[in-house]
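*Asks:* Quick one: this structure, given as structure tokens, is what I'll be asking you about.
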Amino acid sequence: MGKVERVWRAAYFALVGVPVVFAPTGVRARVVRRVFRSPFELRDPGVGRALVHSVLALAVGLVAWFAAFLMVIAAVRGIFYPLIAAHDYEHSWGGPTLAGAWAVHFAGGALPFPLWILLIAGLGWIQLQLTRRLLGRVGPWWPVPISVLLFLGGTAFFIAWLHQV
């Protein structure tokens, strides 16, 4: 499996993780095996570990969905800026002309698309490490506190984003 394919699979896992957290642990392990095409052994996680995994994987998954939402908004706004803008190019970034405003919004909205994919893939990789730690009982300890911090940071960013909309 190449690096690009691994990035796409990790990004997919970050987004598919939200509905999967409500499935039984056997289904969660099967999803890990199928998405990453690697063995994953479920080691009797117990109710507590499964519940903690559900909560934390859901938290990281919601942050990934919010990042995907922002990615789509930025790309659509960057590409279709002349159709979306209120024709106030005088006060727009890149203004006072349509060409300048469109160029700046395209560069800031559509061109960073690969970076958004890498961000979402990174969240998927954290979810994979979280799954290995809590359901497989192997792997590092750090995904648990990182997941909590990601959720708190994502929540704060979401609230700030809502206030500026």
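*Asks:* Quick check on my filter: what residues within segment 35-73 are free of Cβ contacts under 8 Å to residues at least 12 places away in the same chain and aromatic (Phe, Trp, Tyr)?
*Replies:* Phe69
*Asks:* Let me ask something additional. Return the total of residues in segment 105-133 being within 18 Å of Ala10 (Cα to Cα) and more than 17 Å from the chain's Cα centre (by Cα).
*Replies:* Applying the first criterion (within 18 Å of Ala10 (Cα to Cα)) to segment 105-133 yields 113-133.
When the remaining residues are screened for being more than 17 Å from the chain's Cα centre (by Cα), the result is 132-133.
Counting residues in segment 105-133 that are within 18 Å of Ala10 (Cα to Cα) and more than 17 Å from the chain's Cα centre (by Cα) gives 2.
*Asks:* Could you please find all residues in segment 114-142 being without any contact (Cβ under 8 Å) to a residue 60 or more places away in the chain and either surrounded by 14 or more Cβ atoms within 10 Å (Cβ to Cβ) or under 26 Å from Val52 (Cα atoms) (or both)? Let's see the steps before the verdict.
*Replies:* Taking segment 114-142 and keeping what is without any contact (Cβ under 8 Å) to a residue 60 or more places away in the chain, we get 114-116, 119, 129, 133, 139-142.
Answer for segment 114-142, where residues must be without any contact (Cβ under 8 Å) to a residue 60 or more places away in the chain and either surrounded by 14 or more Cβ atoms within 10 Å (Cβ to Cβ) or under 26 Å from Val52 (Cα atoms) (or both): Trp116, Leu119, Gln129, Arg133, Gly139, Pro140, Trp141, Trp142.
*Asks:* Still on this structure: Do you know which residues across segment 11-41 are basic (Lys, Arg) and farther than 20 Å from Trp65 by Cβ? Explain how you work it out, then say what you get.
*Replies:* Our first condition is that a residue be basic (Lys, Arg); within segment 11-41, this holds for 28, 30, 33-34, 37.
Within segment 11-41, Arg30, Arg33, Arg34, Arg37 meet the criteria.
*Asks:* Another question, then. Being small (Gly, Ala, Ser), touching a Phe, Trp or Tyr at 6+ places or on another chain (Cβ under 9 Å) and modelled with pLDDT under 90 is the filter here, so list the residues in segment 119-147 that pass it. Before you say what the answer is, go through the steps one by one.
*Replies:* If we filter segment 119-147 for residues that are small (Gly, Ala, Ser), which is where we start, we get 121-122, 124, 136, 139, 147.
Right, trim to touching a Phe, Trp or Tyr at 6+ places or on another chain (Cβ under 9 Å) and you get 121, 124, 136.
The answer is Gly136, and nothing else.
The values are calculated or read from the model by the stated rules, or taken from the named source; none is laboratory data. If you're wondering where the values come from, they're calculated on a predicted model, not measured in any experiment. Cβ atoms come from the backbone with ideal geometry, glycine included; neighbour counts cover every protein chain shown.
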